[in-house]
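The values are calculated or read from the model by the stated rules, or taken from the named source; none is laboratory data. Everything numeric here is computed off the predicted structure, so don't read it as measured data. Cβ placement follows ideal geometry from the backbone for every residue including glycine, while neighbour counts extend to all protein chains displayed. Calculation scope for accessible area: heavy atoms of the full protein, side chains included, ligands and nucleic acids excluded. Shrake-Rupley method; radii C 1.70, N 1.55, O 1.52, S 1.80 Å.
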Amino acid sequence: MSNSIYVAAPEGLTGKSMVAVGMIEALTRTVSSVGVFRPVVRSGQDDAILHTLVSQPGVEQTYDEAVGVTYEDVHNDADAALHVLVEKYAGIKEKYESVVILGSDYTETTSPTELTFNARVAANLNVPVVLVVSGKHRTPEEVRSAAEGGLAEFNAHHAKVIAVIANRVESVERGTSEDVDPADLAAVRDELAKLPGLVTAALPADRLLAAPTLRAQFEAVEANLVLGNPELLDRESQDVLVAAMTLPNVLRRLTAESTVIMAGDRAEMLPGLLLAHASGSFPQLAGIILLGGYEIPDTIAKLINSIRPELPIGMTHLGTYTSSERMFRLEGAMTSSQRKVEAARRIFSEYVDVPALLQALQVHRSEVVTPLMFEHQLQDIARSDRRTIVMPESTDDRILTSADILLQRGVANLVLLGDAQAIKLRATQLGLSLPGVQVVDPTDPELLERFAAEYAQLRAHKGVTIEQAKEKLKDLSYFGTMMVHLGMADGMVSGAINTTANTIRPSLEFIKTKPGVKVVSGSFLMCMPDRVVVYADCAVNPDPTAEQLADIAISSAETAVAFGIEPRVAMLSYSTGTSGTGADVDKVRAATDLVRERMPELALEGPIQFDAAVDPVVAKTKLPDSPVAGRATVFIFPDLNTGNNTYKAVQRSSGAVAIGPVLQGLKKAVNDLSRGALVEDIVNTVAITAIQAQTDTPS
């Protein structure tokens, strides 16, 4: 039984590295350790794809450890090279539960010879193969024919192929990767399904994954930067527009992140293009290239310099035909940027039946749950039923950066509050794309009238007027919460700038708590090296009563279930069982009784000391018959002082990853960020909020 996989192709430019990235993510969330092996690399060159693979989350391996042999080694003595590969793979396999092996790239030998060598490597390593074929410029029948040719070669060398994936499938009639028709994907899937006994999939061509950088375009047409920010040259350009028409017609044809090429003696169009780029009403451009070597007239240069454009503008001596021909055939590597890698992960997870593929690979889910595995699981759950989350604090760069990551991964649909032009400009400066983000202007008069009327009605018992409501809604936490209340968003994440009280207060005023719950509390998902547990309350209630403590315990058990943790609840105290007395332990005992009355089926123990809750040896001594002692997964602290200090002590002393706080008990999903939150923390909190929103109580 092998947990390793060989990702191979019968030809070049199939995008198999994208499949390798997807396999690494799939295995990382399933097993405890994943390694990478690249059997053949180019002589004397760093392999950019391998650098990308070893930098993936969960891969703890150096570049040199993952390298096999060079093309030169294979040319000189293929059999000797094969022996080296078997020996190197054996060393890697000993260290990792699963290994993703990426076949060669068809760069230095003829395809039939290289395909044969890949087949021999897979057979001698005794690992199953995922065969990746190109769907570019091919009919469904041609895609299947290409797959059959590759299958024949691997079968001839006794290498077992378990899956065939057609990548870069495009609409054949249009000959383009833009807006691939689902019917074209379905036709390829149906054709591949005729291959017996294999897991099959069809992945759409994606313009971003093949997009070159603006710098590469400048180099291809020998252009020099004459205006704009040189740091933006390393952003991708997803399209090329030849502007051989009047400005109104050019504006109608602009597409997001495109490069406009235009005759240099039409410089009067530059101000209009720059204005469109900065307006927020037209798609953001990647850059502009002026053709023919004509200098920008002084008057136009003066006008442009007055607005200090960030957008790169280049100039080349080449003409329209040569420049456009070079730029249209230019492609960029999938590994050229992190946003491409994120897009590759998302496409793989959406279009490949990953459980079926892992079953064919015979991967058995590890009982160990590492922090990285849990983070992957969070994002998987969120993606499975995508929800809309509003993020009010768009002026914070961390929010914009995390939003870009979340959108690339497809974790949630996002709404940012703020000025669309300012947000797009700052995103461009940060090198972000924010694909598909919705921007809502919190000063929109129509929305303000609607929200103020609703808020005044909800708070009429407090004497709130329309004018007072409008003043309150200037606080974006109130504005975002009102969007959640009215169903314009499913949840909200705030707190990177605002205080916890400022984030929670609007929810308490008009979102309210779930039926049967009287208190909002905050739990942390504590990711230990080998498992995930819940700590509560660590964020909200300083000294909860017995009734509030019972609410917190029930809400925390529900949180555990929502995130795939079997709830075994420990009501913590300085005393275990009946051994102690006093007001504090009596409160915990009373709270435990209340939880038992409300949820008799819940695995529960209390009062119980922390050591008896986590250590099986201590548990055998103190509570030998308890279903919770020694194996608790939900820890309820008697007060905020104990809970907050304990989670921080465990986090800092053991290296545990603390995800949260997760606000519990509200009808709608609203969560608070620490003002020191890292981008990774924000990404996790949005995923948690999206998952909570999947099961929220309707208003």
Going through segment 610-630 in order, the residues found to be surrounded by 17 or more Cβ atoms within 10 Å (Cβ to Cβ) and touching a strand residue (DSSP E or B) at 6+ places or on another chain (Cβ under 7 Å) are Phe610, Ala613, Leu623, Ser626, Val628, Ala629
Scanning segment 263-279 residue by residue, the ones that are buried (at least 17 other Cβ atoms within 10 Å of the Cβ) and under 37 Å from the mean Cα position of the chain (by Cα) total 6
In segment 313-331, anything in contact with a Pro (Cβ under 7 Å, 6 or more places away or on another chain) and either open to solvent by less than 20 Å² (accessible area, probe 1.4 Å) or within 19 Å of His277 (Cα to Cα) (or both) is listed as none
Taking segment 147-163 and keeping only residues that are farther than 14 Å from Ala123 by Cα and open to solvent by 60 Å² or more (accessible area, probe 1.4 Å), one is left with Glu148
- Could you tell me whether any residue of segment 140-157 is touching a Gly at 6+ places or on another chain (Cβ under 7 Å) and under 22 Å from Leu358 (Cα atoms)? no
| message | Condition first: among the acidic types (Asp, Glu) and either open to solvent by less than 40 Å² (accessible area, probe 1.4 Å) or not in a helix (DSSP H, G or I) (or both). Can you find one or more residues in segment 66-75 that meet it? | response | no
Going through segment 248-280 in order, the residues found to be assigned to a helix (DSSP H, G or I) and of a type in the set (Ser, Thr, Tyr) are Ser279
For Glu547, the lone unmet condition from (1) more than 18 Å from Gln609 (Cα to Cα); (2) open to solvent by 20 Å² or more (accessible area, probe 1.4 Å); (3) in a loop (DSSP other than H, G, I, E, B) is (3)
Residue set Ser4, Ser17; condition crowded, with 22+ Cβ neighbours inside 10 Å and within 23 Å of the chain's Cα centre (by Cα); output residue Ser17
Note: among Leu241, Leu227, just one is buried (at least 20 other Cβ atoms within 10 Å of the Cβ), within 18 Å of Gln284 (Cβ to Cβ) and either polar (S, T, N, Q) or in contact with a helix residue (DSSP H, G or I) (Cβ under 9 Å, 6 or more places away or on another chain) (or both), namely Leu227
Expected single match for modelled with pLDDT of 95 or more and open to solvent by 10 Å² or more (accessible area, probe 1.4 Å) among Thr388, Thr499, Thr481 is Thr388
Among (1) part of a helix (DSSP H, G or I); (2) in contact with a strand residue (DSSP E or B) (Cβ under 9 Å, 6 or more places away or on another chain), His83 falls short only on (2)
Do we have any residue at all in segment 517-527 that's assigned to a helix (DSSP H, G or I) and either charged (D, E, K, R) or open to solvent by less than 50 Å² (accessible area, probe 1.4 Å) (or both)?
no
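For (1) part of a helix (DSSP H, G or I); (2) under 18 Å from Ala210 (Cβ atoms); (3) in contact with a Cys (Cβ under 6 Å, 6 or more places away or on another chain), each residue gets a yes or a no:
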{"site": "Leu131", "(1), (2), (3)": "no, no, no"}
{"site": "His137", "(1), (2), (3)": "no, yes, no"}
{"site": "Glu153", "(1), (2), (3)": "yes, no, no"}
{"site": "Ile162", "(1), (2), (3)": "no, no, no"}
{"site": "Asn167", "(1), (2), (3)": "no, yes, no"}
Reported set for segment 662-699 where residues are over 15 Å from Ser402 (Cα atoms) and part of a loop (DSSP other than H, G, I, E, B) is Gly665, Lys667, Lys668, Gln694, Thr695, Asp696, Thr697, Pro698, Ser699
*When you look at Ile691, is it touching a residue at least 12 places away in the same chain (Cβ under 8 Å) and closer than 13 Å to Thr559 by Cβ, yes or no?*
yes
Within segment 534-564, the count of residues that are out of contact with any helix residue (DSSP H, G or I) (no Cβ under 8 Å at 6 or more places or on another chain) and of a type in the set (A, V, I, L, M) comes to 4
For segment 368-391, pairs from a residue that is closer than 22 Å to Gly436 by Cβ to a residue that is aromatic (Phe, Trp, Tyr) and open to solvent by less than 40 Å² (accessible area, probe 1.4 Å), with Cβ under 8 Å and 6 or more apart or across chains, are Leu378/Phe563; Ile381/Phe563
Residues of segment 558-598 being under 17 Å from Arg631 (Cβ atoms), open to solvent by 10 Å² or more (accessible area, probe 1.4 Å) and part of a helix (DSSP H, G or I), in sequence order, are Val561
Within segment 488-516, the residues that are more than 18 Å from Phe563 (Cβ to Cβ) and of a type in the set (Val, Ile, Thr) are Ile497, Thr499, Thr500, Thr503, Ile504, Ile511, Thr513
Verdict on Thr646 being farther than 20 Å from Ala560 by Cα, open to solvent by 30 Å² or more (accessible area, probe 1.4 Å) and either in a loop (DSSP other than H, G, I, E, B) or among the hydroxyl-bearing types (Ser, Thr, Tyr) (or both): no
Sole miss for Ser699 among (1) modelled with pLDDT under 90; (2) in contact with a Lys or Arg (Cβ under 7 Å, 6 or more places away or on another chain); (3) over 23 Å from Asn541 (Cα atoms); (4) surrounded by 15 or more Cβ atoms within 10 Å (Cβ to Cβ) is condition (4)
If we keep only residues of segment 192-207 that are within 24 Å of the chain's Cα centre (by Cα) and part of a loop (DSSP other than H, G, I, E, B), then the residue surrounded by the fewest Cβ atoms within 10 Å (Cβ to Cβ) is Arg207
Reported set for segment 450-465 where residues are in a loop (DSSP other than H, G, I, E, B) and more than 10 Å from Phe510 (Cβ to Cβ) is Gly463, Val464, Thr465
Taking the criterion of being of a type in the set (Lys, Arg) and more than 25 Å from Arg531 (Cα to Cα), would at least one residue in segment 359-366 satisfy it?
no
